[in-house]
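A.B. asks: My structure is below; once you've seen it, I'll send some questions.
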Amino acid sequence: MSVFTRSDWPEAGLPGAIGTRGPAAHGQPDWLDETRVGALLLRWVATTDAFESALYHLPVVTARVEMEGPDAATLLGAGEAARDEFLSWTRGCLAAIPWPACYLMAKVVRGGLLHDALAGHAFEEVERRSLYRTPVGDLVAPSPASSGLVFTTMADLEPDVHDRYREEMLEICAEAFEHGHSRHFHDSFLLARASGLDYIRGAMRLNVDHVAPGFFLLAIDPAHDRLSAFSVVGSKRGLAEETFTQLLTGVRREYRGQGVYQGLTGLLKRVLPREGVLVNATHADNAAMEAAYRRSGRIHVSDTVVLRRVFSQSRNAS
């Protein structure tokens, strides 16, 4: 049985850098190239993000490299021994593929082969991320401070209030993400095309269209008849274990520091299957969220960086 790794393994929800299988493929990639280096099969995969491409009026393409080998020792050893061949092959992929005008990005583990290959070819670092992967049954959800809040899912509420709470979630987004941490708030190329808040609002509308009501987690303040916080949960398909992720979470400013995130974690633990796995990502400079993750028992697995290069019609990078 062959073993497998991919350059974005923490982001994909895999339990470690090397496994016997990767996530099942969904749809066809836009570009794919394969080569063999000794006992290794190397595969370059690039896919276009439809949502971000529409938002920024330019194809936003995510690239990754997959490697397969007969065993872990060969995969690791050959990977290091074949570094020069790998760098040459990656350089060839970047030169040979007829890239259109696009924003080409990769989420990679710092110091990995693809990180080093791209960093040497006009790719810029635009984001630093921390990845957590935690069995749902191991989440720590101490009782939140007595706040009078009600923690529930959208599915547990009468349908006639759903639209109202969706609108309140957008209000919370405008407040909670006034200053964001992701590349959407800091990459000057993206900011020239759309604000970070435009990205958040668009992502939230996408969640409303595609996420089931039972995966909208709400913290309601009945005393003031309003929503104080929310979290939207999604699933990562094609993995050996049921794997979930929190797509977007927001808390109103006046409710911060009152155990609201603990309450949402407790609700999360009740809603998701105990044998499932929760994958979370935050940003290296988001100290408040990192602290909340530690308090809730979330397990840090790796750090990644986002590298990007912009191709113009003339193939000059920006």
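The values are calculated or read from the model by the stated rules, or taken from the named source; none is laboratory data. None of these values were measured; they are calculated from a predicted model. Cβ: placed from backbone, ideal geometry, glycine included. Neighbour counts: every protein chain shown.
A.B. asks: Specify the residue that is surrounded by the fewest Cβ atoms within 10 Å (Cβ to Cβ); the eligible residues are those in the stretch 100-136 that are assigned to a loop (DSSP other than H, G, I, E, B) and in contact (Cβ under 8 Å) with a residue 24 or more places away in the chain. Reasoning before the result, please.
C.D. replies: Here is the first cut: in the stretch 100-136, the ones assigned to a loop (DSSP other than H, G, I, E, B) are 100-101, 110-112, 120-123.
In the following step, the residues that additionally are in contact (Cβ under 8 Å) with a residue 24 or more places away in the chain were identified as 100-101, 110, 112, 120-123.
Working: Pro100: 14, Ala101: 13, Arg110: 14, Gly112: 20, Gly120: 11, His121: 14, Ala122: 15, Phe123: 24.
The residue in question is Gly120.
A.B. asks: Check the stretch 173-183 and report whether any residue there is in contact (Cβ under 8 Å) with a residue 40 or more places away in the chain and over 20 Å from the mean Cα position of the chain (by Cα).
C.D. replies: Of all residues in the stretch 173-183, those in contact (Cβ under 8 Å) with a residue 40 or more places away in the chain come to 173, 175-177, 181-183.
With the extra rule that they be over 20 Å from the mean Cα position of the chain (by Cα), the set shrinks to 175.
Yes: the stretch 173-183 contains one or more residues that are in contact (Cβ under 8 Å) with a residue 40 or more places away in the chain and over 20 Å from the mean Cα position of the chain (by Cα).
A.B. asks: Is there any pair with a first residue in the stretch 46-58 that is farther than 15 Å from Pro29 by Cβ and a second that is aromatic (Phe, Trp, Tyr) and not in a helix (DSSP H, G or I) whose Cβ atoms are under 7 Å apart and which are 6 or more apart or on different chains, and what are they?
C.D. replies: Tyr56/Tyr103; Leu58/Tyr103
A.B. asks: On to the next question. If Glu241 meets every condition in (1) assigned to a loop (DSSP other than H, G, I, E, B); (2) without any contact (Cβ under 8 Å) to a residue 12 or more places away in the chain apart from one, which number is that one?
C.D. replies: (2)
A.B. asks: Please specify each residue of the stretch 169-188 satisfying the condition of being part of a helix (DSSP H, G or I) and either in contact with a Ser or Thr (Cβ under 6 Å, 6 or more places away or on another chain) or buried (at least 17 other Cβ atoms within 10 Å of the Cβ) (or both). Give the steps one after another, and end with the answer.
C.D. replies: Pass one, the stretch 169-188, residues part of a helix (DSSP H, G or I): 169-176, 183-186, 188.
Result: Met169, Ile172, Cys173, Ala176, Arg183, His184, Phe185.
A.B. asks: Okay, moving on. As an exercise: evaluate Arg166 against (1) exposed (fewer than 14 other Cβ atoms within 10 Å of the Cβ); (2) within 23 Å of the chain's Cα centre (by Cα); (3) in contact (Cβ under 8 Å) with a residue 40 or more places away in the chain and give the number of the one condition it does not meet.
C.D. replies: It is condition (1) that Arg166 fails.
A.B. asks: Something else now. For the stretch 189-202, which residues satisfy the criterion of being small (Gly, Ala, Ser) and buried (at least 19 other Cβ atoms within 10 Å of the Cβ)?
C.D. replies: As a first pass, look at the stretch 189-202 and keep what is small (Gly, Ala, Ser): 192, 194-196, 202.
Hit for the stretch 189-202 is Gly196, nothing else.
A.B. asks: For Asp198, indicate whether it is of a type outside the set (Ser, Thr, Tyr), closer than 21 Å to Thr282 by Cα, in contact (Cβ under 8 Å) with a residue 60 or more places away in the chain and not assigned by TED's automatic domain parsing to the domain that holds Glu11.
C.D. replies: So Asp198 fits the description; yes.
A.B. asks: Filter the stretch 212-234 down to residues that are within 18 Å of Leu278 (Cα to Cα) and surrounded by fewer than 18 Cβ atoms within 10 Å (Cβ to Cβ) and give me whichever is nearest to the chain's Cα centre (by Cα).
C.D. replies: That would be Gly234.
A.B. asks: Going through the stretch 107-132 one residue at a time, which ones are within 17 Å of His283 (Cβ to Cβ) and modelled with pLDDT of 90 or more?
C.D. replies: If the condition is that a residue be within 17 Å of His283 (Cβ to Cβ) and modelled with pLDDT of 90 or more, then Lys107, Val108, Val109, Glu124, Glu125, Val126, Glu127, Arg128, Arg129, Ser130, Leu131, Tyr132 are the ones that fit.
A.B. asks: Right, here's the next one. Within the stretch 41-75, track down each residue that is among the polar types (S, T, N, Q) and part of a strand (DSSP E or B).
C.D. replies: Answer for the stretch 41-75, where residues must be among the polar types (S, T, N, Q) and part of a strand (DSSP E or B): Thr47, Thr48, Thr62.
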